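Every number in this text was worked out from the coordinates using simple rules, so none of it is lab data. Because the structure is predicted, anything quoted here is derived from the model rather than measured. In this analysis, Cβ positions are derived from the backbone assuming ideal geometry, glycine residues included, and neighbour counts consider all displayed protein chains.
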Amino acid sequence: MLFVSVISRVEIFAGMRRGEEDAVICLFDLITPIEVDMTIADKAGDYMRKFSKSHALNIGDAIIAATTREMTLKLITKNVKHYPMKDIEVSRPY
């Protein structure tokens, strides 16, 4: 089963090019969204406190990392350097 943070959904919709709308919507129909709850928000705040200055962690990446941690999932991203947390599993897709 595939999951996506609602933050990743925002990022994908924001970066979508003209003509990609239908394909992106079809993709999201296949993926289970994970909404931000208080536990995820609190963990994201913890990550921001720990990594925002040393690694320029932004709030979106903090929420994605916290979602990964709280749902006990593996984060697949091409931006591995954005996730310095030792308590989550991060891999490149290829």
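Restrict the check to segment 60-77 and report whether at least one residue is under 17 Å from Ser5 (Cα atoms), charged (D, E, K, R) and in contact (Cβ under 8 Å) with a residue 24 or more places away in the chain.
Within segment 60-77, one or more residues are under 17 Å from Ser5 (Cα atoms), charged (D, E, K, R) and in contact (Cβ under 8 Å) with a residue 24 or more places away in the chain.
Among the helices (runs of 4 or more DSSP H) confined wholly to segment 16-80, which include 3 or more residues that are within 26 Å of Tyr94 (Cβ to Cβ) and touching a Ser or Thr at 6+ places or on another chain (Cβ under 9 Å)?
The qualifying helices (runs of 4 or more DSSP H) are 59-70.
For segment 1-35, which positions are more than 18 Å from Glu70 (Cβ to Cβ) and surrounded by 11 or more Cβ atoms within 10 Å (Cβ to Cβ)?
Matches in segment 1-35: Val10, Glu11, Ile12, Phe13, Met16, Glu20, Glu21, Val24, Ile25, Leu27, Phe28.
Out of all the residues in segment 17-34, which are free of Cβ contacts under 8 Å to residues at least 12 places away in the same chain and within 17 Å of the chain's Cα centre (by Cα)?
Within segment 17-34, Leu27 is the sole residue that qualifies.
Out of all the residues in segment 36-65, which are touching a helix residue (DSSP H, G or I) at 6+ places or on another chain (Cβ under 7 Å) and either hydrophobic (A, V, I, L, M, F, W, C) or surrounded by fewer than 16 Cβ atoms within 10 Å (Cβ to Cβ) (or both)?
Listed by number, the residues that qualify are Val36, Thr39, Ile40, Ala44, Met48, Leu57, Ile59, Gly60, Ala62, Ile63, Ile64, Ala65.
Taking segment 72-94 as the search range and keeping residues that are among the aliphatic types (A, V, I, L, M) and closer than 13 Å to Ala44 by Cα, which one is surrounded by the fewest Cβ atoms within 10 Å (Cβ to Cβ)?
Residue satisfying both the conditions and the ranking: Ile88.
Restricting attention to segment 81-94, which residues are of a type in the set (Asp, Glu) and either in contact (Cβ under 8 Å) with a residue 60 or more places away in the chain or part of a loop (DSSP other than H, G, I, E, B) (or both)?
If the condition is that a residue be of a type in the set (Asp, Glu) and either in contact (Cβ under 8 Å) with a residue 60 or more places away in the chain or part of a loop (DSSP other than H, G, I, E, B) (or both), then Asp87 is the only one that fits.
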